[in-house]
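Notes follow the structure.
The values are calculated or read from the model by the stated rules, or taken from the named source; none is laboratory data. Since we're looking at a predicted model, the values are computed, not measured. A quick note on method: Cβ atoms are made from the backbone with ideal geometry, for glycine too, and the neighbour counts reach across all protein chains shown.
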């Protein structure tokens, strides 16, 4: 097995390579941005039931929701355990878990300012699966042929410790309609 | 790791060695047989709750109970998953699991003839833990210093495939009061 | 017999030797149950997310719904179950220290007769550790090759030569994901791509090959195809987020769209397919079954079914709609009188549905349930 | 910061580069939470029997009952948590292929400060894979040695030298089980034996040693001692199936019974201790807490508690009885104002009980609960 840094950079290189050789040509900036820019639809946030024992009943992001609830606005494309229930925070892994080196993204609307933000979802890795606060929202989520917005895969894939533990949601930019 | 046969016979040898060097001297035939011969007490079969999601409510072996129920008479000292719920039978492991090479025993009263029978509990081994029909009865069960009647340990310990799957209950003799 | 003898021997060592009572009755022997040959088997694939290193397949008798045994799938392992009687394949990962340490990946072979482990074949460790989409792990039409989808997240497909018991190559399918083998050409498979094309890969005996892009087949923004697909004769049948069925022919050196069948267009209630395996096809009857939910919108594509719709692929007509458990994955048995199996996401059960006879109005009759495991997301029958 | 940058880099690769929007706000960075130094920690040890290869310890803040993190214990691993601040030790087994293949056993060292994995020390593979009895894995009084109970089923104890980071010996304790170290002599520990004696083992620097038997201390038929025990000053305190407390001194070259305290004799209702960790002692106050069930009989020794009884070990008096959740394991914090923690077997919760002040009538006040995991059977606090 490759070491941490090797593996990380091999992974990023091949992403770039894949991109230049394939995706850039195939997908291109237009389609993805256009599609990421699509306005949020609250109704899209109907949770998938078995993943929703923590957050059943409500169907859209709500301003008063806290970050330990599935309906918290940043979680609009999050499928996994909330790190806020696992000893972490909305943007921090628990003390003994490693931050994933690659992520998927979503664009979620913040009910507080009605703006859309680009959210990067890091998995936390290398310790047993947490099992708390399982959520599953899929706004603009797509299958693996749109890997950067796919959430049915283990994003600890490029880490040395590959075991999935939980997921955080960091704001990394403004969404299209907010820009 | 030692191979199957090596390990098996090492295990049995050391059992015998332990016995001659230690247990026979310490425990002796009298105390164990005397104590194994003690009459069954139905009231003893109050199940330990978390292990009893399959069999709550009844407190004693009942003639009409089937072998997929915790209260079936042979299970009076069984702690584990019933193989009858896992693709096996009361005396057979599922097709892809291995029979444990060592066992613990209990003496259970058969309500049909009111006789006591010596029951050998084999674990079935080498495949994932079954998770069905978890039962926990402890008639005459004792801590590990009475290893032959201890049920809080993995009896797949002497097998090549050590993972615990489920437990069967075979009649291997008559209990003292039946003899 | 031997094991029982030894077992007793070991146990009785602790008893001195109560030989007296031993002589009085014939001790029962402990062995193994035999699964009757020809038993129709149902496979509920449980990713066990709460204990993600300990995934497993619950193998059930498809008629009685009784558990026959459990096959391990370890860490987000993929399961491929070909034609009846054949071996069962698992592509998975093991960590040296259960939840930590170096990762090693294998194709594991289990007996289709008694579910016992037979052998393991090492594969590269970039296998996609994903939910159980059947399209991520498939076999060639002649069962000689296995294809494993990789993601680092850059995507590629590992080619495993089964007779040779080794991986012979790894072919990039950048921007694409999923494996849809040709039904005629063992060395050909297609893959769905993010730009709406299909890539077709013909590989050589040395495991090398290039991907050839088709023309536009779907729009991943407006009407994305679900990850999985089902066989209909010699074509692959896909469901789309927007409520269409795409019939794709991958037999040529590039894939072609042969049919696009609108299923819910013009129907009240914004009905859409949803879940992880929202479509199943009985190849003989040419009827597709779709798990449909109402009030569908962008992002609702994993919602469980409220109804199951039957669609005649030849006439392109919806034959009927039946209420359903909240299903996230479905399969249907092949042959004359198909039986449908659905994973109830809320009860964590697999439900057996008998289907009304051909000619009769479409209806589903529940005829048995069983636990599907902690968190099952794929179901297969054979 | 770095990881966030790389994360975005990787993700955004798939987006071409929407740099415009990136410039407009400062991206949040993803890091790790820090556990405040001196946090009182509660440890709920979950054997996860349904997924027995994936056992774990849920580490909670003992005051807020919030989860701090999870430490893996793999396959029926034992957990030893010494004095505050020290490392946390796990003695466990890993199979090469998760649920199959060769077994390897280790003592694993985790940081008591941030719960991170530090190192592993190989041990022999005959470790007792048992439920989590604290007496199966313990440390010497000077924290230099770890003692691991083995069973094949023949029993022995592995001696691990922590500074040397290796196992230095394996000493048979035939007919005996469990480890109760001397509080004064780091190279001495006792073990409970099936004939009602205690064995005392003094081992040499080379890891060899012989077991010396005490006189009769208990009767395993009539009044068996539970597997675990708690420290009271420099003595070990045991509960018995029949409802007695045994205080044992293991400081000499053979162990001696210093007190036998009948707890339920003469009390209506056949009250007995029950569960997996039915007794806990606060060393400073000399008060033992017992999880008691009524209608006790042969075989009821794992029944959960209906009440918790407080017993003054010096005066040998029952101070009081309090209703309790159905507890199968208990612990109590040390120091002046002890807090009691009980595992509710029915709800799979760990319950925090505040104890009435010294002098006040004994009472327990629930003050917080948390999930204990799937099937927890040991609880520790420090």
With facing chain C (nearest Cβ under 9 Å), at pLDDT 95 or above and touching a strand residue (DSSP E or B) at 6+ places or on another chain (Cβ under 9 Å) as the only criterion, which of D:75, D:44 stands out? D:75
Odd one out for residue C:270 among (1) surrounded by fewer than 19 Cβ atoms within 10 Å (Cβ to Cβ); (2) in contact with a helix residue (DSSP H, G or I) (Cβ under 8 Å, 6 or more places away or on another chain): (2)
For residue C:37, state whether it is more than 13 Å from chain D (Cβ to nearest Cβ), touching a residue at least 24 places away in the same chain (Cβ under 8 Å) and out of contact with any strand residue (DSSP E or B) (no Cβ under 8 Å at 6 or more places or on another chain). yes
Residues that are closer than 26 Å to residue D:224 by Cβ, at least 3 per element: which strands (runs of 3 or more DSSP E) completely within region D:272-382 meet that? D:279-282, D:287-293, D:307-312, D:317-323, D:327-332, D:339-344, D:376-381
Residues of region D:245-271 being in a strand (DSSP E or B) and closer than 15 Å to residue D:308 by Cβ, which ones? D:245
Hey, any hits in region D:105-122 for a residue that's within 13 Å of chain B (Cβ to nearest Cβ), touching a strand residue (DSSP E or B) at 6+ places or on another chain (Cβ under 9 Å) and in a loop (DSSP other than H, G, I, E, B)? no
Please verify whether residue D:257 is at pLDDT 95 or above and under 25 Å from residue D:359 (Cα atoms), treating the condition exactly as stated. no
May I ask you to say which residue of C:134, C:127 is within 14 Å of chain A (Cβ to nearest Cβ), closer than 27 Å to residue A:101 by Cβ and touching a strand residue (DSSP E or B) at 6+ places or on another chain (Cβ under 9 Å)? C:127
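Every residue, every condition in (1) facing chain C (nearest Cβ under 10 Å); (2) touching a strand residue (DSSP E or B) at 6+ places or on another chain (Cβ under 8 Å), yes or no:
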residue: B:88; (1), (2): yes, yes
residue: B:95; (1), (2): yes, yes
residue: B:105; (1), (2): yes, yes
residue: B:132; (1), (2): yes, yes
residue: B:151; (1), (2): no, yes
residue: B:158; (1), (2): yes, no
residue: B:161; (1), (2): yes, yes
Hey, could you check region A:134-149 for residues that are within 8 Å of chain D (Cβ to nearest Cβ) and in contact with a strand residue (DSSP E or B) (Cβ under 7 Å, 6 or more places away or on another chain) and say which is nearest to residue C:149 (Cα to Cα)? A:147
Could you tell me how many of the residues in region C:189-200 are in a strand (DSSP E or B) and either surrounded by fewer than 22 Cβ atoms within 10 Å (Cβ to Cβ) or touching a helix residue (DSSP H, G or I) at 6+ places or on another chain (Cβ under 6 Å) (or both)? 2
Count of residues meeting criterion [in contact (Cβ under 8 Å) with a residue 24 or more places away in the chain and in a loop (DSSP other than H, G, I, E, B)] in region B:88-111: 13
Mind checking whether some residue in region C:89-105 is without any contact (Cβ under 8 Å) to a residue 12 or more places away in the chain and at positive phi? yes
Considering residues of region D:222-231 that are crowded, with 20+ Cβ neighbours inside 10 Å and at pLDDT 95 or above only, the residue farthest from residue D:333 (Cα to Cα): D:224
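Conditions tested, residue by residue: (1) touching a residue at least 60 places away in the same chain (Cβ under 8 Å); (2) surrounded by fewer than 24 Cβ atoms within 10 Å (Cβ to Cβ).
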{"residue": "D:302", "(1), (2)": "no, no"}
{"residue": "D:321", "(1), (2)": "no, yes"}
{"residue": "D:335", "(1), (2)": "no, yes"}
{"residue": "D:339", "(1), (2)": "yes, yes"}
{"residue": "D:344", "(1), (2)": "no, yes"}
{"residue": "D:358", "(1), (2)": "yes, yes"}
{"residue": "D:369", "(1), (2)": "yes, yes"}
Counting just the residues of region D:54-69 that are free of Cβ contacts under 8 Å to residues at least 60 places away in the same chain and within 14 Å of chain C (Cβ to nearest Cβ), which one comes out nearest to residue A:82 (Cα to Cα)? D:69
Check C:90, C:148, C:157 and return the single one that is away from chain A (no Cβ under 14 Å), surrounded by 23 or more Cβ atoms within 10 Å (Cβ to Cβ) and assigned to a strand (DSSP E or B). C:90
Has region C:112-125 got any residue that is buried (at least 24 other Cβ atoms within 10 Å of the Cβ) and touching a residue at least 60 places away in the same chain (Cβ under 8 Å)? no
Has region B:113-128 got any residue that is at pLDDT below 95 and out of contact with any strand residue (DSSP E or B) (no Cβ under 8 Å at 6 or more places or on another chain)? yes
Extreme residue, surrounded by the most Cβ atoms within 10 Å (Cβ to Cβ), among residues of region C:174-188 that are more than 8 Å from chain A (Cβ to nearest Cβ) and touching a strand residue (DSSP E or B) at 6+ places or on another chain (Cβ under 6 Å): C:179
Test for residue D:7: is it buried (at least 23 other Cβ atoms within 10 Å of the Cβ), closer than 17 Å to residue A:97 by Cβ, facing chain A (nearest Cβ under 10 Å) and modelled with pLDDT under 95: yes
